[in-house]
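Enquirer: Pasting a structure below so you can have a look.
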Amino acid sequence: MLFPENHEWIERDISQDPEAERIVQFQKSLVSVNNIEIINPEFDFEEKDPVNYSIKRFLAYEYDKTPTLFINPELGIDTSSKISNIEFTPLIARGGKRSAHGVFFGKLSVDGEQLNIAVKPHTVNALKTGPDDYFKNLVVKKFGHYNLSPAGLYIVNEEEAYSMTILDEGLSTLDSIDWTEYYPNIDNNPGMQEMWRSVSGQAALLHASGNKMHGDMAARNIATSADGFTFFIDWEYARLSEQKPRDAETRYNHSYGDLSVLLESMCLPPHADIGGKAGIGILYGKNCDWWEAFCEIFYNEYLFVRTSLAEEGSHHIQTMYEVEDELTELTRSLRDEIQMMQDICKSIPPKTR
Amino acid sequence: MSEFYPQQHRNIDKFEATTQARFSLAYSKIGSTDTIINHVSGSIRVVSYDKDTRRETKIRNKLTDKGLIVGSLLVDIEPNRNHYKIPKSARPIEYESYVHSSGEYSYNDKKLFYELGELLGDTQKIIGEKNIIEGDLGRMVSFVEFSEPGTRQLFLVPGVEKTVTKINKDLTPLDYYSDQLNQIYDNRFEDAAYYFGLGFIQNRISGDT
């Protein structure tokens, strides 16, 4: 029997509510948990792709093809005895609705121990994407970048897995904020100015080594906390390596890959649907120099931090030349990109009632 | 957008730090502050403002009894100030972007404005039809994220009792609040005004308090 008798399943038309459908599916799948194990993968940063290498080892030696809930040992949950009761109680949120994955939030109860978590479902090539997301979250922390705390990974089968992070309630993403009146009135909003300065700094730190990129640096993946941190989340598409970048072009591919996405996110309005993409509309509809605006809000600070970091390592003269070439090409490309975005945005009509 | 309070850099070594602008419930009109106190046992968020007059205390107590104010009053902290412990996720509704997704676990604009109507309708029952809470509604109402289904997610901010004032004779409270919300949200409120009005009069029809 799939559903234990003591569960009460509320009848509702979840076919009209995809999020509820995902949550119900997760709740059903939790009933099938066969094992709870600790997951503490090791990463060999000598490898070109340490995450991929680690996933292969995990699937070969730790995953036994039964529904298994892997828990981050840092949570301190006892996995030595047989777990008799796992439940998930959803929570209501305004956030996370623009996530392509359909992230949802709730309380996971494991034999009375409770965790508030954010859950990301993986339904395509789940054995790859589920661990990929979880492992990358771990690697980001190992690299010293601020990130959400990975909670665990639930693998049901090849086509169903869930990666989980601890839910920090004092967290919000930049796409939850109405930015339409921010520019050019940025001096009226010192708090938001500071937030964007922080984004610039975090992006510059990430790109400084030339071998890392976030992979999806849109506003929906930039979190801000009540105690003043602004940082990137959702590293599923990240490229994270410790290997020295081959040349300026490699560096450029990483930085341009991220900043073009961020720029697009700043230009497109929330009601856009360009290949499924929307943005936060800081620049949409604005009759001003968009490049100047982008520089004022984000790019000037980014360049300043990048240059400062490169100068700190100035004994590597080759690196300095590479970074200089990279930033020159990056600036040129982003100027072209913003012109293109301005043209695209002209074709997007204002939101109608 | 109105003024954001300047934000201090996050510093976990600091015992006290100003809550970040996006979340801050500090409201200049009543002189309140929103601070995070870092302690070895964990951090807590506190909104503080000058002690109430007797009239204000009476209003605050009634609003609190109905569960309309976010957080809980901390007693015996300071003689001249009120201090409220606030949930970490509480934030002013002023900066909320448009959310249109529908569903049981989504809190979209329709729900937000309906509950806002309910909140203000309940408030009116306490402060009376000749009074309003005057000021920037975007800063006087707080949204608390990640709540369980069926629980309130919109609350008045601590210190709101200090904004209660007599309304202009030519206006009704519903008119006044609608006008305020129109100024803050413009087109968005045009879409949602129906739900706001519905929430505002809902409890009045049923007689619930």
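The values are calculated or read from the model by the stated rules, or taken from the named source; none is laboratory data. Source: prediction; values computed, not measured. So basically every Cβ, Gly included, is an ideal-geometry build from the backbone, and we count neighbours across all protein chains shown. Note: accessible area is taken over every heavy atom of the protein model, side chains too, but ligands, DNA and RNA are not part of it. Shrake-Rupley method; radii C 1.70, N 1.55, O 1.52, S 1.80 Å.
Enquirer: Report, as an integer, the average count of C-beta atoms from other chains found within 10 Å of each Cβ along A:90-101.
Expert: Counting other chains' Cβ atoms within 10 Å and averaging over A:90-101 gives 6.
Enquirer: Contact order normalised by length for chain A, with contacts defined as Cα pairs under 8 Å and 6 or more residues apart; what percent is it?
Expert: 13 percent
Enquirer: For A:Lys107, what is the net charge nearby, where nearby means another residue's Cβ is under 12 Å from its Cβ and Lys, Arg count +1, Asp, Glu -1?
Expert: In short, -4.
Enquirer: Roughly what would the spin-label model give for B:Lys85 and A:Lys128, points 7 Å off Cα along C-beta, in nm?
Expert: The two pseudo-label positions are separated by 4.9 nm.
Enquirer: Pairs A:Lys141/B:Lys88; A:Lys136/B:Lys110; A:Lys212/A:Lys351; A:Lys82/A:Lys107; B:Lys51/B:Lys88; B:Lys88/B:Lys111: which are spaced more than 25 Å apart, C-alpha to C-alpha?
Expert: A:Lys136/B:Lys110; A:Lys212/A:Lys351
Enquirer: I'd like the distance separating the alpha-carbon centroids of the range A:317-347 and the range A:282-303, in whole Å.
Expert: The range A:317-347 and the range A:282-303 have Cα centres separated by 13 Å.
Enquirer: Which of B:Gly197, B:Gly150, B:Gly71 moves most in a GNM of chain B, Cα contacts under 10 Å?
Expert: Per the Cα network of chain B with a 10 Å cutoff, B:Gly150 tops the list.
Enquirer: Right, something else. With runs of 4+ DSSP H residues as the only contributors, calculate the mean residue ellipticity of chain A at 222 nm using -39,500 (n - 2.57) per run, divided by the residue total and rounded to the nearest 500.
Expert: Value at 222 nm, helices only: -12000 deg cm²/dmol.
Enquirer: Could you provide, to the nearest whole Å², the per residue accessible area of chain A with probe 1.4 Å?
Expert: It amounts to 46 Å² per residue over chain A.
Enquirer: For the range A:15-138, which whole-number percentage of the solvent-accessible area (1.4 Å probe, protein heavy atoms only) is attributable to carbon and sulfur atoms?
Expert: Solvent-exposed carbon and sulfur of the range A:15-138 make up 45 percent of the total.
Enquirer: I've got another one for you. Let me spell out the model: positive unit charges on the Cβ of Lys and Arg, negative unit charges on the Cβ of Asp and Glu, origin at the Cα centre of chain A. What dipole size does that give, in debye rounded to 20?
Expert: Using only the charged Cβ atoms, the result is roughly 400 debye.
Enquirer: How far, in nm, would the chain grow between A:Lys48 and A:Glu21 when pulled straight, counting 0.36 nm per residue and subtracting the alpha carbon separation?
Expert: Contour length minus the Cα-Cα distance gives 5.8 nm.
Enquirer: Now for a separate question. Counting Lys and Arg as +1 and Asp and Glu as -1, each charge on the Cβ, what is the dipole of the range A:59-181 about the Cα centre in debye, to the nearest 20?
Expert: Charge dipole, the range A:59-181, about its Cα centre: 180 debye, nearest 20.
Enquirer: Could I ask something else about it? Chain pair B, A: how much accessible area is buried, both chains summed, with a 1.4 Å probe, in Å² to 100?
Expert: In total, this chain pair buries about 4100 Å².
Enquirer: Nearest-5 percent of antiparallel DSSP beta bridges in chain A?
Expert: Antiparallel bridges make up about 90 percent of those DSSP assigns within chain A.
Enquirer: Say the dipole of the range A:162-298 comes from +1 at the beta carbon of Lys and Arg and -1 at that of Asp and Glu; which of A:Ile233, A:Ser209, A:Leu268 then lies farthest toward its positive end?
Expert: Most positive-ward Cα: A:Ser209.
Enquirer: May I ask for the net charge around B:Lys51, where only other residues with Cβ less than 10 Å from the Cβ of B:Lys51 are counted and Lys, Arg are +1 while Asp, Glu are -1?
Expert: Around B:Lys51, the surrounding residues sum to -3.
Enquirer: Rank B:Leu63, B:Leu198 by accessible area, highest first, at a 1.4 Å probe radius?
Expert: Most to least solvent-accessible, the answer reads B:Leu198, B:Leu63.
Enquirer: Using a 1.4 Å probe, what is the accessible area per residue for the range B:77-152, in Å²?
Expert: Result: 34 Å² of accessible area for each residue.
Enquirer: Another question, if that's okay. For a Förster distance of 45 Å, can you work out the FRET efficiency between the beta-carbons of A:Asn157 and A:Leu309, rounded to the nearest 0.05?
Expert: Plugging the Cβ-Cβ distance into 1/(1 + (r/R0)^6) gives 0.50.
Enquirer: How do A:Cys288, A:Cys295 stack up against each other in accessible area, from largest to smallest, with a 1.4 angstrom probe?
Expert: Ranking A:Cys288, A:Cys295 by accessible area, largest first, yields A:Cys288, A:Cys295.
Enquirer: What is the local net charge at A:Ala126, summed over the other residues whose Cβ is closer than 15 Å to its Cβ (Lys, Arg +1; Asp, Glu -1)?
Expert: Result for the neighbourhood of A:Ala126: -2.
Enquirer: Per-residue mean of other chain beta-carbon atoms within 10 angstrom of the beta-carbon, peptide A:171-179?
Expert: Per residue, the number of nearby Cβ atoms from other chains is 5 on average.
Enquirer: Quick check on chain B: helices-only [θ] at 222 nm, where DSSP H runs of length 4 and up contribute -39,500 (n - 2.57) each and the sum goes over total residues. Nearest 500, please.
Expert: Mean residue ellipticity, 222 nm, calculated: -10500 deg cm²/dmol.
Enquirer: Something else about it: Only Lys, Arg, Asp and Glu count, each charged at its Cβ (+1, +1, -1, -1), so figure out the dipole size of the range A:135-292 about its Cα centre, rounded to 20 debye.
Expert: 620 debye
Enquirer: Let me ask something else about it. Label B:Tyr194 and A:Ser84 with points 7 Å out from Cα along Cα→Cβ: what is the distance between them in nm?
Expert: Here the answer is 5.2 nm between the modelled labels.
Enquirer: List for the range B:134-159: residues with 50 Å² or greater reduction in accessible area, all protein chains versus chain alone, probe 1.4 Å?
Expert: In the range B:134-159, residues shielded by partner chains: B:Phe146, B:Glu148.
Enquirer: Mind checking the full-extension length gain between A:Ser149 and A:Ala100? Use 0.36 nm per residue of separation minus the Cα-Cα distance, one decimal, nm.
Expert: Working it through step by step, the gained length comes to 15.6 nm.
Enquirer: Right, next: Once both labels are modelled 7 Å past Cα along the beta-carbon direction, what's the A:Thr328-A:Asp64 spacing in nm?
Expert: 6.0 nm
Enquirer: Mean-square fluctuation check for chain B, GNM, Cα pairs under 10 Å: which of B:Asn82, B:Asn131, B:Asn108 is largest?
Expert: Of B:Asn82, B:Asn131, B:Asn108, the Gaussian network model singles out B:Asn108 as fluctuating most.
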